[in-house]
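S.K.: Before anything else, here's the structure in question.
FYI, it's all coordinate maths here, none of it is from the lab. What you see is a predicted model; the values in this text were computed from it and never measured. Cβ coordinates were reconstructed from backbone atoms using ideal geometry, including for glycine residues, and neighbour counts include every protein chain displayed.
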Amino acid sequence: MLTFVNGLSAHSDIADALLKSVEPLGDVQTYCPDPVQFKYVVVSTKGIIFGLAAGMNQVAFRLNPLFRDDWPEVDLTFWARKAYVLARES
């Protein structure tokens, strides 16, 4: 995963949106290789990356294969919780 994101950047608003979405969660680690240069941001739990902020408008979560496309589209806190639970159960 870190090889994939190497060299990516993240707009500060996108990084802030990801970080805010994981605030209510428990054991979450955040990593940004260079915040001053607005590099990508990943969030993890138990050593499993479950969220990523990159580019001008990309927040991505690692989701269960049973993902349903009729769930909320823009609720980042909802998606963060789903990805967090999957990572904690892995």
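S.K.: If a residue must be more than 11 Å from Leu8 (Cα to Cα), of a type in the set (A, V, I, L, M, F, W, C) and touching a strand residue (DSSP E or B) at 6+ places or on another chain (Cβ under 6 Å), how many such residues does the stretch 31-49 contain?
M.R.: 3
S.K.: Anything in the stretch 15-54 that is within 16 Å of Asp75 (Cβ to Cβ) and in contact with a Gly (Cβ under 7 Å, 6 or more places away or on another chain)? List them, or say none.
M.R.: If the condition is that a residue be within 16 Å of Asp75 (Cβ to Cβ) and in contact with a Gly (Cβ under 7 Å, 6 or more places away or on another chain), then Leu18, Val22 are the ones that fit.
S.K.: Search the stretch 7-35 for residues that are closer than 25 Å to Glu89 by Cα and in contact (Cβ under 8 Å) with a residue 12 or more places away in the chain and pair each with any residue that is polar (S, T, N, Q) and assigned to a helix (DSSP H, G or I) when their beta-carbon atoms are under 8 Å apart and the residues are at least 6 apart or on different chains.
M.R.: Lys20/Thr77; Ser21/Thr77; Pro24/Thr77
S.K.: Which residues, counting only those in the stretch 21-35, are assigned to a helix (DSSP H, G or I) and within 16 Å of Val59 (Cβ to Cβ)?
M.R.: So the first thing to find is which residues in the stretch 21-35 are assigned to a helix (DSSP H, G or I), and the list is 21-22, 35.
Residues satisfying the conditions are Ser21, Val22.
S.K.: Additional query: Check the stretch 56-65 and report whether any residue there is touching a residue at least 60 places away in the same chain (Cβ under 8 Å), surrounded by 14 or more Cβ atoms within 10 Å (Cβ to Cβ) and either of a type outside the set (Val, Ile, Thr) or assigned to a loop (DSSP other than H, G, I, E, B) (or both).
M.R.: Of the residues in the stretch 56-65, the ones touching a residue at least 60 places away in the same chain (Cβ under 8 Å) are none.
No; the residues of the stretch 56-65 include none that is touching a residue at least 60 places away in the same chain (Cβ under 8 Å), surrounded by 14 or more Cβ atoms within 10 Å (Cβ to Cβ) and either of a type outside the set (Val, Ile, Thr) or assigned to a loop (DSSP other than H, G, I, E, B) (or both).
S.K.: Among the residues of the stretch 27-52, count how many are of a type in the set (A, V, I, L, M, F, W, C), closer than 17 Å to Thr3 by Cα and exposed (fewer than 12 other Cβ atoms within 10 Å of the Cβ).
M.R.: Counting residues in the stretch 27-52 that are of a type in the set (A, V, I, L, M, F, W, C), closer than 17 Å to Thr3 by Cα and exposed (fewer than 12 other Cβ atoms within 10 Å of the Cβ) gives 0.
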